[in-house]
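Before any comments, here is the structure.
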């Protein structure tokens with residue numbers, strides 16, 4: 001992923017992929033982006049912080065997936081604008097999301113198909129509830 005980020009943000013050279021919009025998804029993000037203990041960890045965190053900071057204007061989206069948002073390094077987490085929040089039961093994880101208290105209290109009770117979307121760019125938080133029945137026919 002670091003190679004893709006480097007090439008996407010690179011504006012020179014044959015490897016540049018500047019014109020291609022990309023969304024990177026990193027599952028279990030806390031494993032890779034938690035507090036840096038070594039040089040390699042610090043380099044990965046630095047690259048992802050740069051990607052989060054510059055990505056929008058360069059057509060690079062990051063989708064970090066974790067059940068432990070409190071473990072994501074602050075340099076990366078502070079750059080994340082929009083959060084899709086599913087059910088969480090860990091108080092530290094819920095508090096780290098920094099959503100209004102009225103929504104914070106609802107997070108442990110979200111059911112399958114429900115999520116809260118929080119973006120500081122929008123004044124309102126949106127709660128999404130999935131359909132009770134599938135509307136797509138499968139063969």
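From 33, 24, 62, grab the single residue that is surrounded by 12 or more Cβ atoms within 10 Å (Cβ to Cβ) and part of a loop (DSSP other than H, G, I, E, B). First the steps, then the outcome.
Numbers: 24 fails: part of a loop (DSSP other than H, G, I, E, B); 62 fails: part of a loop (DSSP other than H, G, I, E, B).
Going through 33, 24, 62 in turn, the sole match is 33.
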Check: Inside segment 9-35, can you point out the residues that are within 18 Å of the chain's Cα centre (by Cα) and at pLDDT below 80?
Finding: 35
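Is there a residue being without any contact (Cβ under 8 Å) to a residue 24 or more places away in the chain, within 21 Å of residue 115 (Cα to Cα) and either under 15 Å from the mean Cα position of the chain (by Cα) or not in a helix (DSSP H, G or I) (or both) anywhere in segment 38-46? Working first, answer last.
Of all residues in segment 38-46, those without any contact (Cβ under 8 Å) to a residue 24 or more places away in the chain come to 38-42.
If we keep only those that are within 21 Å of residue 115 (Cα to Cα) too, we end up with none.
No; the residues of segment 38-46 include none that is without any contact (Cβ under 8 Å) to a residue 24 or more places away in the chain, within 21 Å of residue 115 (Cα to Cα) and either under 15 Å from the mean Cα position of the chain (by Cα) or not in a helix (DSSP H, G or I) (or both).
Considering only segment 10-19, I want to know if a residue exists there that is part of a loop (DSSP other than H, G, I, E, B) and in contact with a strand residue (DSSP E or B) (Cβ under 7 Å, 6 or more places away or on another chain). Walk me through it before giving the result.
At the first step, the residues of segment 10-19 found to be part of a loop (DSSP other than H, G, I, E, B) are 10-19.
With in contact with a strand residue (DSSP E or B) (Cβ under 7 Å, 6 or more places away or on another chain) added as a condition, the list becomes none.
No, every residue in segment 10-19 fails to be part of a loop (DSSP other than H, G, I, E, B) and in contact with a strand residue (DSSP E or B) (Cβ under 7 Å, 6 or more places away or on another chain).
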Margin query: Looking at segment 124-138, I want the residues that are at pLDDT 70 or above and have a partner that is in a loop (DSSP other than H, G, I, E, B) and surrounded by 11 or more Cβ atoms within 10 Å (Cβ to Cβ) with Cβ atoms under 7 Å, at least 6 apart or on another chain. Which pairs are those?
Written below: 129/113; 130/113
Item checked: residue 124 being at negative phi and in a loop (DSSP other than H, G, I, E, B) -> yes
Check: Considering only segment 76-97, how many residues are part of a helix (DSSP H, G or I) and buried (at least 18 other Cβ atoms within 10 Å of the Cβ)?
Finding: 4
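The values are calculated or read from the model by the stated rules, or taken from the named source; none is laboratory data. Since the structure is predicted, the reported quantities are computational estimates derived from the model, not experimental observations. FYI the Cβ positions are ideal-geometry reconstructions off the backbone, even for glycines, and counts take in every protein chain you see.
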